[in-house]
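Have a look at the structure below before the remarks.
The values are calculated or read from the model by the stated rules, or taken from the named source; none is laboratory data. Owing to the predicted nature of the structure, the values given are computational and were not obtained by experimental measurement. Methodologically, a virtual Cβ is constructed for each residue, glycine included, from the backbone with ideal geometry; neighbour enumeration extends over all protein chains shown. Just so you know, the surface numbers come from the protein's heavy atoms only, side chains and all, with ligands and any DNA or RNA stripped out. Shrake-Rupley method; radii C 1.70, N 1.55, O 1.52, S 1.80 Å.
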Amino acid sequence: MVQNNIPKDYDHKKETRWQSKWQKDNIYKFIGDGTKPNYIIDTPPPYPTGATHMGHVLNWTYIDIIARFKRMQDYDVLFPQGWDCHGLPTEVKVEETHNIKKGDVPRDEFRKMCVDLTSENIKLMKAQMISLGFSQDWSSEFVTMTPEYMKRTQLSFLKMYHEGLIYRGIHPVNWCPRCETAIAFAEVEYHENETYLNYLEFPAEDGENGALIATTRPELLSACVAVVVHPEDERYKELAGKRLEVPLFGRSVEVITDKEVDPEFGTGVVMICTFGDKTDVLWVNKHNLDVIEAIDEQGIMQEVTGEYCGLNIKECKEKIIDDLKKEGYLKKQENVAQNVGLCWRCKAPIEILVKNQWFVAVKDLIEDVKQTTDEIKWTPPYMETRLLNWTGSMDWDWCISRQRIFATPVPVWYCSECGKVKIASEDMLPVDPTQDKPEGKCECGNGEFIGETDVLDTWMDSSISPLSITGWPDEKYKNYYPTALRPQGHDIIRTWAFYTILRCKALTGKRPFDEIVVNGMVFGEDGYKMSKSRGNVISTDDVLENYGADALRLWASNSVPGSDVPFAWKDVKYGYKFLRKFWNAFRFINMHIEGFQTSKSQKEIIENLNPMDKWILSKLNRVIKDVTESIESYTFANAVNKIQGFIWHDFCDEYIEAVKYRLYGDSPELLISKEAAQYTLQTVISASLKLLAPFTPHFADEIYQYIAKEDIRIHNTLWPEVNKKLISESAEETGRVGVELIGEIRRFKSGSKMSLNTPIKTLNIYTADSALIKEIELLSADIKGTMRIKDLNLMPGKPDIKEKVTEIIPQMAKIGPEFKGNAPEVVKYLQSENKDEVVSKLDSEGEIIINGCKITWDHIEAKKEVVTETGEKVEIIHADNLDLILEIIV
Ligand SMILES: [Zn+2]
Ligand SMILES: [Zn+2]
């Protein structure tokens, strides 16, 4: 326990001191010796951009709440932190920073530049994560670009290769001409834009009727390999089987039929090009058509396109449309909405090219993935449907090779003679085939090999995170695998979630995690995605500086997994205010509970609790139950609202006010009541702090140091248990009556500009409700003590009172102009005469004549007060929420 010299205000700048202390004392260390049940979190490894953003704050606050909660529930929690390092953005950044192109320097030099940049960025982000109060065990940090991690990624490649689940083949792949690499389907984003639908005349080879074909991609005419119509389309019965001339290119293609053709689109006649889209790929495979490669890896037209060779796609499209017009092939153009596939990293339109690439045999694993997905508990459940829908739409294998540098190398070579694949052996890993040489010879007898320059998709790294954190391939990994929880964003369900389930199942035969919690995205205050161009980006540093990590965490906690969340300054400020309110309340309470000790047993104290104590303890235990259940079901908003409502309103506003009078009493007869109040205050403060600890870890520890009996962090204490015996409907009803009654009198005092300490002579409570009478009898001491009431009487019936006129105010604005010279006489009468008589005469007759002047209610204002039969002034209050009348005599 710290000596109590509690500062007047809570200072959020103290958060950093706690962060250092937690790190120094290593309080989040995973032990892993099996003495406690394990709880392993498969934390997302973010891309090290160098800056954490609000999306990270949301995602990691959820993880941190769960990690801290589970630790307090006595689990041995592993909350590791990884970094998913590889990828194009770093390469691009390095090119910019050093003003080079990746080909300008040797591969290993370029790679080193990427490693250096990434290491710097990791350092920055790690510091930010610590400043947000996240409780990772940094001794389990993993970094995908290290030899240790690359060894695991390559080993997983080897194992799947030997199982026949990874293969090399020539297939159409999604290609980003900007990044100059193949990408996976999951990395293609579809966007709608407007383009021209061009109606082209394809003449028939036999000189009879040709066909009109509508296309958005005339630049692919040179790669046209067939024309297709629906077999039941009556308009084109004659066309099937004929050959049509490809405009401008002087060669012909066959008209085939296929049920996939949509007769409603364009003219119902479609040209198949290699490759305009996914359907083209399907048709080429199904009908065994030729493949013509018209576009190269940089998006430049190839020789096969004749005079268009060397143009880029856009230039080619413009020129071809011009030529089609000139030659009379273009019959009309109309605007049409088009769904364009874009590279998710650079947003360039993707092309479909035919490439020799490495693939994971997704199609062989789909059933396994579906079944495994179903074994996992999804929060919210509809996110599972997203994954299953994606799984159902999978008709291509996963292309895992990339034509880049900064990534895990594909661990293979090719024989320089026969081209056969030579795969690395396990004991060589990690291996870089561009540097290292394989052992032995090729089956053909040749000993020369060419190293693969392709590297692996970064999802090949991150999709084995559950294996990496549990220590795979060491057999001991089975002690920790499957992991308990995968927390992640909904934007990477098709990628990270899908690939992890697929790979881990293929490698271990088991699901990678028992549960997955999916978080939403964070938007700006204007409801749009945060972006520099929109100017709606909020930096975490700004919030930390002004309000601290705990206030920011309260904003993040006030949300529900799966739903997107707008950032809101007002929520951060509310959290900030809440913590200060709690701080001030604690400072006051601490004066009274500091060093509190009693010789009584807890049982004795509980027997002597007064009604307001029982009320707050019942509410507390209900809150413990609700918050525990809410965290367990990941409804964080509900948890945090319950705690805040309880502490702010029930505890600070009502309970503390209602016990103050008991804390000041020192007489022996008051001691029992005082001890009960002290006990209750201490119990509520301690349990509330523990409930808050996962949400506002700094604040909770800051206060806890003053009340803890020893030097121990609140995060190493146990979660409060629900004391069911203390949850009582009747105690809560009594407390509610007390809160309402005290509230009415408090409002009366502040409405009458009295201080809350102003004594009240008598309070008479009139009610016929016998249950209410019983409650009030129990509460009598608290009401009297809190509101400083001398006599409190419970009365039957209604107050016996009447109105008395205390003052008559002549309305000169009326009297002057109306009565002119007689006005002074009238005023004199009104002020001299018996006030009650004036009023009663006006009430009964409606007028009084003085010197011929007719005085009515228009000419006066009467001030009245309520008095008892004996003439004592009283206030009458009809309570809002209780069936009673209060009569107050000050
Ligand atoms: Zn790209
Ligand atoms: Zn060979």
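Has segment 193-200 got at least one residue that is assigned to a loop (DSSP other than H, G, I, E, B) and either buried (at least 21 other Cβ atoms within 10 Å of the Cβ) or more than 16 Å from ligand 1 (Cβ to nearest atom) (or both)?
no
Looking at segment 326-338, I want the residues that are on the phi > 0 side of the Ramachandran plot and have a partner that is open to solvent by 50 Å² or more (accessible area, probe 1.4 Å) and part of a strand (DSSP E or B) with Cβ atoms under 8 Å, at least 6 apart or on another chain. Which pairs are those? Note: pairs meeting the criteria are 328/201.
Note on segment 416-454: residues that are crowded, with 17+ Cβ neighbours inside 10 Å and either within 16 Å of ligand 1 (Cβ to nearest atom) or among the acidic types (Asp, Glu) (or both) amount to 3.
Can you say whether residue 372 is open to solvent by less than 30 Å² (accessible area, probe 1.4 Å), in contact with a Ser or Thr (Cβ under 8 Å, 6 or more places away or on another chain) and more than 16 Å from ligand 1 (Cβ to nearest atom), as far as the supplied structure shows? Answer is no for this residue.
On inspection, residue 29 qualifies as surrounded by fewer than 23 Cβ atoms within 10 Å (Cβ to Cβ) and part of a loop (DSSP other than H, G, I, E, B).
On inspection, residue 350 fails the criterion of being hydrophobic (A, V, I, L, M, F, W, C) and free of Cβ contacts under 8 Å to residues at least 40 places away in the same chain.
Condition check: assigned to a strand (DSSP E or B) and acidic (Asp, Glu). Does residue 807 satisfy that?
Against the criterion (assigned to a strand (DSSP E or B) and acidic (Asp, Glu)), residue 807 qualifies.
The set of residues from segment 611-646 being touching a Lys or Arg at 6+ places or on another chain (Cβ under 8 Å) and not charged (D, E, K, R) comprises 615, 621, 623, 627, 630, 646.
For every residue, the table says whether it meets (1) part of a loop (DSSP other than H, G, I, E, B); (2) open to solvent by 30 Å² or more (accessible area, probe 1.4 Å).
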| site | (1), (2) |
| --- | --- |
| 757 | yes, yes |
| 782 | no, no |
| 803 | no, yes |
| 817 | no, yes |
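Restricting attention to segment 153-181, the residues that are within 16 Å of ligand 1 (Cβ to nearest atom), modelled with pLDDT under 90 and closer than 13 Å to residue 397 by Cα total 1. Selection of segment 784-801 for residues being over 17 Å from residue 876 (Cβ atoms) and surrounded by 13 or more Cβ atoms within 10 Å (Cβ to Cβ) yields 784, 785, 786, 788. The one condition from (1) assigned to a strand (DSSP E or B); (2) open to solvent by 40 Å² or more (accessible area, probe 1.4 Å); (3) hydrophobic (A, V, I, L, M, F, W, C) that residue 127 does not meet is (1). The set of residues from segment 643-682 being among the hydroxyl-bearing types (Ser, Thr, Tyr) and open to solvent by less than 40 Å² (accessible area, probe 1.4 Å) comprises 655, 667, 673, 679, 680.
Looking only at residues in segment 386-422 that are in contact with a strand residue (DSSP E or B) (Cβ under 6 Å, 6 or more places away or on another chain) and of a type in the set (S, T, N, Q), the one that is nearest to ligand 2 (Cβ to nearest atom) is 416. Restricting to segment 842-890, count the residues that are in a loop (DSSP other than H, G, I, E, B) and of a type in the set (A, V, I, L, M). The qualifying residues number 4.
Any residue that is free of Cβ contacts under 8 Å to residues at least 40 places away in the same chain and part of a loop (DSSP other than H, G, I, E, B) - is there at least one of those in segment 825-838? Looking for residues that are free of Cβ contacts under 8 Å to residues at least 40 places away in the same chain and part of a loop (DSSP other than H, G, I, E, B), one finds at least one in segment 825-838, hence yes. Mind checking whether some residue in segment 49-72 is open to solvent by less than 10 Å² (accessible area, probe 1.4 Å), away from ligand 2 (no atom under 16 Å from the Cβ), touching an Asp or Glu at 6+ places or on another chain (Cβ under 8 Å) and touching a residue at least 40 places away in the same chain (Cβ under 8 Å)? There is no residue in segment 49-72 that is open to solvent by less than 10 Å² (accessible area, probe 1.4 Å), away from ligand 2 (no atom under 16 Å from the Cβ), touching an Asp or Glu at 6+ places or on another chain (Cβ under 8 Å) and touching a residue at least 40 places away in the same chain (Cβ under 8 Å). What pairs can you find where one residue is in segment 354-372 and polar (S, T, N, Q), the other is open to solvent by 10 Å² or more (accessible area, probe 1.4 Å) and assigned to a helix (DSSP H, G or I), and their Cβ atoms are less than 9 Å apart, with a gap of 6+ or different chains? If the second residue must be open to solvent by 10 Å² or more (accessible area, probe 1.4 Å) and assigned to a helix (DSSP H, G or I), the pairs left are 371/505; 372/505. Tell me, yes or no, whether segment 265-273 has at least one residue that is surrounded by 14 or more Cβ atoms within 10 Å (Cβ to Cβ), at pLDDT 90 or above, out of contact with any Lys or Arg (no Cβ under 9 Å at 6 or more places or on another chain) and closer than 26 Å to residue 91 by Cα. For segment 265-273, residues surrounded by 14 or more Cβ atoms within 10 Å (Cβ to Cβ), at pLDDT 90 or above, out of contact with any Lys or Arg (no Cβ under 9 Å at 6 or more places or on another chain) and closer than 26 Å to residue 91 by Cα: absent. In segment 170-198, the residues that are under 25 Å from residue 267 (Cα atoms) and within 16 Å of ligand 2 (Cβ to nearest atom) form no Cβ pair under 7 Å with any partner that is at pLDDT 90 or above and assigned to a helix (DSSP H, G or I), whether six or more places apart or across chains. Residues of segment 318-356 that are within 16 Å of ligand 1 (Cβ to nearest atom) and assigned to a strand (DSSP E or B): 340, 341, 342, 343, 349, 351, 352, 353, 355. If only residues of segment 460-471 that are open to solvent by less than 10 Å² (accessible area, probe 1.4 Å) and part of a loop (DSSP other than H, G, I, E, B) are counted, the one that is nearest to residue 152 (Cα to Cα) is 464. Of the residues making up segment 503-523, those that are more than 24 Å from residue 64 (Cα to Cα) and surrounded by fewer than 24 Cβ atoms within 10 Å (Cβ to Cβ) number 6. The residue list 526, 457, 491, 474 contains one member that is buried (at least 16 other Cβ atoms within 10 Å of the Cβ) and either touching a Phe, Trp or Tyr at 6+ places or on another chain (Cβ under 8 Å) or not hydrophobic (A, V, I, L, M, F, W, C) (or both), which is 457.
The one condition from (1) open to solvent by less than 30 Å² (accessible area, probe 1.4 Å); (2) within 29 Å of residue 658 (Cβ to Cβ); (3) touching a strand residue (DSSP E or B) at 6+ places or on another chain (Cβ under 9 Å) that residue 605 does not meet is (3).
Is it the case that segment 286-303 has a residue that's part of a helix (DSSP H, G or I), at pLDDT below 95, of a type outside the set (Lys, Arg) and within 26 Å of residue 178 (Cα to Cα)?
Step one: list which residues in segment 286-303 are part of a helix (DSSP H, G or I), which gives 286, 303.
In the following step, the residues that additionally are at pLDDT below 95 were identified as 286, 303.
Retained after the next criterion (residues that are of a type outside the set (Lys, Arg)): 303.
Narrowing the set further to residues that are within 26 Å of residue 178 (Cα to Cα) leaves 303.
Among the residues of segment 286-303, at least one is part of a helix (DSSP H, G or I), at pLDDT below 95, of a type outside the set (Lys, Arg) and within 26 Å of residue 178 (Cα to Cα), which makes the answer yes.
Within the bounds of segment 306-316, is there any residue that is assigned to a helix (DSSP H, G or I), within 16 Å of ligand 1 (Cβ to nearest atom) and open to solvent by less than 70 Å² (accessible area, probe 1.4 Å)? Taking every residue of segment 306-316 in turn, at least one turns out to be assigned to a helix (DSSP H, G or I), within 16 Å of ligand 1 (Cβ to nearest atom) and open to solvent by less than 70 Å² (accessible area, probe 1.4 Å).
Can you tell me which residues in segment 856-872 are touching a residue at least 60 places away in the same chain (Cβ under 8 Å) and out of contact with any Lys or Arg (no Cβ under 6 Å at 6 or more places or on another chain)?
Correct list: 864, 866, 868, 869, 871.
Scan segment 392-415 for residues that are of a type outside the set (A, V, I, L, M) and within 16 Å of ligand 1 (Cβ to nearest atom) and report the count. Qualifying residue count, segment 392-415: 6.
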